[in-house]
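Student: Below you'll find the structure I mean.
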Amino acid sequence: MKVKENNLEAWLVTKISSLTGVQEKEISVEQPFARFGLDSVAAVSLSGELEERLGTKLSPRVLYDYPSVKALADHLSTLD
C-alpha cells in the first residue's frame, strides 16, 4: 500500500486547512499540527479519514507520534 509522500503531504495540507480554517499556503509541512489549531477532535477525524484513504488501521496516537505533515507523510509512505 505504499503511498507517494508528496501526494499525501498535499492531501494532509488540504485536510488540515479544511479542519482548522488556516489557508493552505500558510501551512508549513515542517510545523507541528498544534501550531495550526488542530485539536484532539480534529486529530481523531483526520486519523479516521487517513485510515479510509489508506485502507489500513492506524494507531490512535499516529498524529501525536508524527506531529507534522512531513513526519506523518514520511511515516505513512513506509507502510505496506
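The values are calculated or read from the model by the stated rules, or taken from the named source; none is laboratory data. None of the values given here were measured: they were computed from a predicted structure. Neighbour counts are summed over all protein chains in view; Cβ atoms, including those assigned to glycine, are modelled from backbone coordinates with ideal geometry.
Student: Yes or no: region 43-62 includes at least one residue that is in contact with a Phe, Trp or Tyr (Cβ under 9 Å, 6 or more places away or on another chain), surrounded by 15 or more Cβ atoms within 10 Å (Cβ to Cβ) and free of Cβ contacts under 8 Å to residues at least 24 places away in the same chain.
Tutor: Checked against the condition, which is being in contact with a Phe, Trp or Tyr (Cβ under 9 Å, 6 or more places away or on another chain), surrounded by 15 or more Cβ atoms within 10 Å (Cβ to Cβ) and free of Cβ contacts under 8 Å to residues at least 24 places away in the same chain, region 43-62 yields at least one hit.
Student: Out of the residues in region 37-57 meeting the condition of being acidic (Asp, Glu) and either at pLDDT 95 or above or assigned to a helix (DSSP H, G or I) (or both), tell me which one is farthest from LYS70 (Cα to Cα).
Tutor: GLU52
Student: Quick one: what pairs do we get from region 7-26, first residue under 17 Å from ALA73 (Cβ atoms) and among the polar types (S, T, N, Q), second surrounded by fewer than 16 Cβ atoms within 10 Å (Cβ to Cβ) and at pLDDT 95 or above, C-beta under 7 Å, 6+ apart or different chains?
Tutor: Short answer, once both residue conditions are applied: THR14/GLU24; SER17/GLN23; SER17/GLU24.
Student: Take the residues of region 63-80 that are at pLDDT 90 or above and of a type outside the set (A, V, I, L, M, F, W, C): which is surrounded by the most Cβ atoms within 10 Å (Cβ to Cβ)?
Tutor: Per the stated criteria, the residue is SER68.
Student: Okay, next question. Sort out which residues of region 37-80 are in contact with a Ser or Thr (Cβ under 8 Å, 6 or more places away or on another chain) and charged (D, E, K, R), and write them in order of number.
Tutor: The one that is in contact with a Ser or Thr (Cβ under 8 Å, 6 or more places away or on another chain) and charged (D, E, K, R): ASP65.
Student: Still on this structure, please answer the following. Looking only at region 1-36, filter to residues that are at pLDDT below 90 and not in a loop (DSSP other than H, G, I, E, B); which one of those is nearest to TYR64 (Cα to Cα)?
Tutor: GLU5
Student: Of all residues being outside any helix (DSSP H, G or I) and under 10 Å from the mean Cα position of the chain (by Cα) in region 58-79, which is nearest to LEU8 (Cα to Cα)? Just the residue, please.
Tutor: Checked region 58-79; the qualifying residue nearest to LEU8 (Cα to Cα) is SER68.
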